[in-house]
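> Here it is, the structure in full.
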Amino acid sequence: MAIEDILEALDEQCRQECREIFDRAQEEAKRIIEKAQEEAENLRKQRLERVRAEAESEATSILYSARLKAKNEVIRARDEVASKAMTLAEERLKDLRSRPDYPDVLRAYLEEAVSQLEGKVVVHVDPRDKELAQKILKRMGVKFELRTDIETAGGVMVSNEEEDVKVLNTVEERLRRARERLRIPVYRLLFGEE
């Protein structure tokens, strides 16, 4: 074998080894690229999921906040309507004295208040109710002292003679006590719910 043949065989063997090395290097590069792409895709998915979760959390928070605000606005509006209804009732009761049934109302207020005390009573009335209260008290047959020292839309304040026990039975006081007690029925009447 001639040197040229040996050199050619060595050259061919070298080319073959170079092709194999190159092929292995290409395969290794391909695997590295695929692995890098897979890792990049996983990283992208993780980031996307994290961003999506954050966005959903923020959207949920905004929605909850909006619902809470809307609910509070509804409650505020309902309270305002109910309050206006109570105020309207109070306004109508300011004219109670001019109604034809006021003598019966005042008599009922007096009977209720006087029944809670014993002995002589001190009856406090608005000056506009002096004569009517006097007639009612005389018909009731109770011992009383009549004072015109309160201002009210109607009703009375009755106390024992020592004035250490008082029964406040005025329109304003009854409305004040009824306001909270009537809140739920007014809500039901106005809105059909609590």
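Quick note: the coordinates plus some simple rules give every number you see, no bench work behind them. Remember, predicted model here, so these are calculated numbers, not experimental data. As a convention, Cβ positions derive from the backbone with ideal geometry for all residues, glycine included, and neighbour counts pool all protein chains shown.
> Take the Cα of residue 175, step 7 Å along the line toward its Cβ, and report every residue of the stretch 115-130 whose backbone nitrogen sits under 19 Å from that point.
125-129
> From the residues 21, 46, 64, which one has its Cα farthest along the dipole of the stretch 1-68 in the positive direction, the dipole being from +1 and -1 charges on Cβ of Lys/Arg and Asp/Glu about the Cα centre?
So the residue we want is 64.
> Multiplying the sequence separation of residue 101 and residue 3 by 0.36 nm and subtracting their Cα-Cα distance, what value in nm do you get? Intermediate values should be presented prior to the final figure.
Working: separation 98, 0.36 × 98 = 35.28 nm, distance 14.14 nm.
This chain segment gains 21.1 nm when fully extended.
> List the GluC sites (Glu not before Pro) within the stretch 71-137 that fall in a DSSP loop (any state other than H, G, I, E or B) and whose Cβ has at most 11 other Cβ atoms within 10 Å.
Numbers: sites: 73, 80, 90, 91, 111, 112, 118, 131; in loops: 118.
The qualifying sites are 118.
> Only counting other Cβ atoms within 10 Å, I'd like 126, 11, 164 sorted with the fewest neighbours first.
Working: 126 18, 11 10, 164 7.
Final ranking by Cβ density, sparse to dense: 164, 11, 126.
> Distance in nm between label sites at residue 85 and residue 43, each 7 Å beyond Cα in the beta-carbon direction?
6.4 nm
> Using 0.36 nm times the number of residues separating residue 34 and residue 10, minus their current alpha carbon distance, what extension gain do you get?
Values: separation 24, 0.36 × 24 = 8.64 nm, distance 3.52 nm.
My answer for the length gained is 5.1 nm.
> While we're on this one: Charges at C-beta only: +1 for Lys and Arg, -1 for Asp and Glu. How large is the resulting dipole of the chain about its Cα centre, in Debye rounded to 20?
Working: 38 positive and 44 negative charges, 505 e Å.
Around 2420 debye, computed over the chain.
> Within the stretch 117-148, name every residue whose backbone N is under 15 Å away from a label modeled 7 Å from Cα of residue 164 along the Cβ vector.
118
> Continuing with this model, one more query. Would you mind checking the stretch 162-193 for residues with the amide N under 20 Å from a putative spin-label position 7 Å along Cα→C-beta of residue 70?
191-193
> Return the loop-located trypsin sites (Lys or Arg not before Pro) in the stretch 115-194 (DSSP other than H, G, I, E, B) with at most 13 other Cβ atoms within 10 Å of their own Cβ; answer none if there are none.
On the way: sites: 120, 128, 130, 135, 138, 139, 143, 147, 166, 174, 176, 177, 179, 181, 183, 188; in loops: 120, 143.
Passing sites in the stretch 115-194 are 120, 143.
> Please list, in chain and number order, the residues 5+ apart from residue 165 or on another chain whose amide H is under 5 Å from its amide H, with Hs placed from the backbone.
HN-HN under 5 Å from residue 165: 160.
> Additional query: Going by how many other Cβ atoms sit within 10 Å of their own, how do 74, 81 line up, fewest first? Could you put the intermediate results ahead of the total?
Numbers: 74 11, 81 14.
Least crowded to most crowded, the residues run 74, 81.
> Still on this structure, please answer the following. Stretched out fully, how many nm does the piece from residue 148 to residue 182 gain, at 0.36 nm a residue minus the Cα gap?
Numbers: separation 34, 0.36 × 34 = 12.24 nm, distance 3.08 nm.
Full-extension gain reported as 9.2 nm.
> Okay, moving on. Check the straight Cα-Cα distances from residue 45 and name the lysines below 17 Å, setting aside those fewer than 8 residues away within the same chain.
Within the straight-line limit of under 17 Å, residue 45 reaches these lysines: 35.
> Among (i) 116; (ii) 202; (iii) 187, which is the computed volume of the Cα convex hull per residue in Å³?
(ii)
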